[in-house]
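The values are calculated or read from the model by the stated rules, or taken from the named source; none is laboratory data. Source: prediction; values computed, not measured. Positions of Cβ are generated from backbone atoms using ideal geometry, with glycine treated the same way; all protein chains shown enter the neighbour counts.
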Amino acid sequence: MSTEQETEIFSTNFVSVGQSRGGPHGVGDPNDKSLRKVEIEVCIPGIIRDRAHREKCQEPIEEFGKCGEQHGVWAVLKCRKEVKNMNNCLIKWFHDENFREECTQMYLDERKQYRETGIIRKPIRRPYYINPEKEKERITKIRAEYERLEHKDNH
């Protein structure tokens, strides 16, 4: 890098992404609807993928999860139909333009709220597939252990 380029980059006129972005909290204009490359290629597809998993393709994902639990290591061979159904559903929603627009609008609304308040809203992430029977069994074990320890302390 030449000295001229270094001077230009490190001069006081150069504004990095994190500095002086405007808006009430210095994180950008809340009413700006333009999208950066990372938002178009990473953030919005992440929302699409997550919503497709959690909202649109829950049934095929549950079928694949049950098949995987049933066949264990052999699931790769035995659950091809379930994997194909799950992937077809996810692909359908990933390429649906109306769904993409809806997810883009959701992203813009969340970003606007962040830029207005300065507060990041992080949703709680849970696995896409939870076996209800195994979850009940796990909770029962935890309760039994808790009661055993409580009973032990009282004597």
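Applying the selection to the range 76-104, what residues are among the polar types (S, T, N, Q) and over 16 Å from the mean Cα position of the chain (by Cα)?
The answer is Asn85, Asn87, Asn88, Asn98.
Out of (1) without any contact (Cβ under 8 Å) to a residue 60 or more places away in the chain; (2) more than 30 Å from Lys134 (Cα to Cα), the odd one out for Lys33 is which?
(1)
Find the helices (runs of 4 or more DSSP H) located wholly in the range 1-111 whose residues include 2 or more that are at pLDDT 90 or above, and list them.
Working: elements: 3-9, 44-51, 58-71, 75-78, 80-94.
Qualifying helices (runs of 4 or more DSSP H): 44-51, 58-71, 75-78, 80-94.
Based on what the data block shows, is Ile120 under 15 Å from the mean Cα position of the chain (by Cα), exposed (fewer than 10 other Cβ atoms within 10 Å of the Cβ) and under 30 Å from Gly22 (Cβ atoms)? Step through it out loud before you land on a result.
Numbers: under 15 Å from the mean Cα position of the chain (by Cα): yes; exposed (fewer than 10 other Cβ atoms within 10 Å of the Cβ): yes; under 30 Å from Gly22 (Cβ atoms): yes.
So Ile120 passes the test.
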